[in-house]
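The values are calculated or read from the model by the stated rules, or taken from the named source; none is laboratory data. As the structure is a computational prediction, the values presented were derived from the model and not from experiment. Here the Cβ positions follow ideal geometry from the backbone for every residue, glycine too, while neighbour counts run over all protein chains shown.
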Amino acid sequence: MTNTQSIRSSLLKVPGAQIYYEIQGAGPVLLMIPGGPTDAGIFSGIAPLLADRFTAVRYDPRGNSRSVVEGEPQDQEMDVHGDDAAALLAFFGDEPAFVLGSSGGGQIGLNLVARYPGRVKTLVAHEPPCMRLLRETGEDDKFLNVVQETYRAAGVGAAMQKFAEGAGLGPGRGAERKTPPSPELAEAFARTKGNAEFFIKHGMKPIGSYVPDVSALGKSATRVVVGVGEVSAGTMPYRTAVALAERLGVEPVVFPGGHGGYNNDAEGFAAKLHEVLSQSGISYATQGGFPMATATLDVPVSTDEAAILAVVETLSRAHREKDAVLFAAQFAEDAAIFNLAPPLIHHGVDLEEKKAWFESWSTAVTILARDMQVKVSGDMAICHGYLQMSGTKKGPEGSVRFWMRETLCLERRRDGWKIVHEHTSVPFYMDATLRPAFDLQPEEA
């Protein structure tokens, strides 16, 4: 069941941060939200097992690993985490997505569903640490205080050991792995150590103190599944998950392993997750058009093809963010460019001209790609298909939306694939008007 499609990564700019994300596979979007000080790499075991059925999108929450925040570190806010997740889903299209949130990632998923109704089809919140639901016993404050007191007295390592014990990650709780960690997972564990202090100082209390809006969740069209580990019984995350399920009026769903079952029994966890998501109905129909950021394909792609599609994806992102420098970086300096604007040929990208063009739009410029085909031969490649450009101009043109034809010729250079030739065109009606055919649309497949 392992999928051989390549992993593509990029950064999504959001208010106050840049969110690092990775994409793998084809099908409906499955957003994976890691918890605590972990990052996208923590799902490296299950993502390839699901990539033949889903577009698996995993990311580093802001402040962790490669998702760098602007300015000085601040205490995390759950609404901001929810906004980041919503921004990622919006980036990948309008269709309701599937979401897996693990531990603190489950808390983020619950915030997302409560505040962005309609964005999520099914949320699986696996052992979310809703500690305030145990308020009557006083365990919530006791646990959080013990970890922070340990941090002040003995440092990060001792504090994280206390945290792991309370989170059910200690020996005998499903921590024993069936196989040695992969190189990617080992790297993720190393990054997690680097995130630990930020998490203890700025993330642990906001995440653990967050109380899910049960009323909003109940009114949402999203199916909320509360997951628990089969060997987690008695741990705090297990009991908070059960308490949440009771308030939502649902039965917890048992997943293989413990709090980190997606790592310790990746195959079993992936199979159970697919079973749960399938109960909501999964459509594998290919959409007529999609933002190139999703770039999901129906067949496995080579590394070169994936890299070329990533170039096109970056062009789309540069338009959306009005980033002329990022746009120009995709082209060779001597590129021959035949675009819609005079003159007949442009030699390379004129940076100032591109900046001025971006400034002529009052909104982001959205580029929607469709039917992009890639052919690679040695160090040369051809990519062609359709692009739809839409947005609102500042001048009398107002709202703009039309399809055009796009052909790119790329050359492999020392710094990667670069566009050496671009040809963009719109057909003309061959009658007395000679008007451009802005009303044409690609035929349905």
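The table that follows gives values for the structure above.
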{"item": "Tally of residues being within 15 Å of ALA307 (Cβ to Cβ) and not hydrophobic (A, V, I, L, M, F, W, C) across segment 400-422", "result": "7"}
{"item": "Enumeration of residues in segment 1-28 that are modelled with pLDDT under 90, under 15 Å from the mean Cα position of the chain (by Cα) and assigned to a loop (DSSP other than H, G, I, E, B)", "result": "ILE7, ALA26, GLY27"}
{"item": "Residue among ALA90, ALA114 that is surrounded by 19 or more Cβ atoms within 10 Å (Cβ to Cβ), small (Gly, Ala, Ser) and either in the same structural domain as PRO129 (by TED's automatic domain parsing) or under 21 Å from PRO128 (Cβ atoms) (or both)", "result": "ALA114"}
{"item": "Verdict on GLN148 being within 27 Å of the chain's Cα centre (by Cα) and of a type in the set (S, T, N, Q)", "result": "no"}
{"item": "Residue list for segment 207-234, filter: assigned to a helix (DSSP H, G or I) and without any contact (Cβ under 8 Å) to a residue 40 or more places away in the chain", "result": "VAL214, SER215, GLY218"}
{"item": "Hey, HIS347 surrounded by 15 or more Cβ atoms within 10 Å (Cβ to Cβ) and under 19 Å from PHE327 (Cβ atoms) or not", "result": "no"}
{"item": "Residue ID - surrounded by the fewest Cβ atoms within 10 Å (Cβ to Cβ), chosen from residues in segment 225-242 that are touching a Leu at 6+ places or on another chain (Cβ under 7 Å) and under 30 Å from ARG152 (Cβ atoms)", "result": "ARG239"}
{"item": "Residue check, ALA356 assigned by TED's automatic domain parsing to the domain that holds LEU387, loosely packed, with under 14 Cβ neighbours inside 10 Å, in a loop (DSSP other than H, G, I, E, B) and small (Gly, Ala, Ser)", "result": "no"}
{"item": "The lone exception for ASP52 - which of (1) farther than 25 Å from PRO181 by Cβ; (2) modelled with pLDDT under 90; (3) of a type in the set (D, E, K, R) it fails", "result": "(1)"}
{"item": "Residue in segment 202-224 that is under 30 Å from GLU267 (Cβ atoms), crowded, with 16+ Cβ neighbours inside 10 Å, polar (S, T, N, Q) and touching a Leu at 6+ places or on another chain (Cβ under 9 Å) present", "result": "yes"}
{"item": "Residues of segment 420-436 classified as in contact with a strand residue (DSSP E or B) (Cβ under 9 Å, 6 or more places away or on another chain) and small (Gly, Ala, Ser), total", "result": "1"}
{"item": "Criterion violated by THR433 - all others in (1) in a loop (DSSP other than H, G, I, E, B); (2) touching a residue at least 12 places away in the same chain (Cβ under 8 Å) satisfied", "result": "(2)"}
{"item": "Residue in segment 96-109 that is modelled with pLDDT under 95 and of a type in the set (Val, Ile, Thr) present", "result": "no"}
